[in-house]
Amino acid sequence: MFYNPKTQRSASVTPRTPRTPRALSGRRLNHLVRKGSPRDRANLALDLERGAVQLIRTTRAQAAALTKASTGYIGTLERRRAPASGKR
């Protein structure tokens, strides 16, 4: 099992303060999706939905898939927004 959400708590103990969400990088997400079992992926999806896991540093392909944007257009915008490097 690759993904362990560590959500096993006893019924008598309830946390009084909200937990800090776990950060998950785009590379790690890709690995878990490719190598994880269907059960691991379902647990991960539930944690993402509930906010227990947050995505950070997504890959360009992941960002494009989430926003339904073109990776080519994202690259064009990146080049246009890049700071001038002294070239004229």
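Quick note: the coordinates plus some simple rules give every number you see, no bench work behind them. Remember, it's a predicted structure, so these values are computed and weren't measured experimentally.
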Under 5 Å between amide H atoms, partner at least 5 residues away or on a different chain: which partners does V53 have, H built in plane at 1.01 Å? R22, L48
Karplus-derived HN-Hα couplings along segment 48-55 (A = 6.51, B = -1.76, C = 1.60, θ = phi - 60°), whole Hz, x at Gly and Pro: 5, 5, 7, x, 6, 10, 10, 7
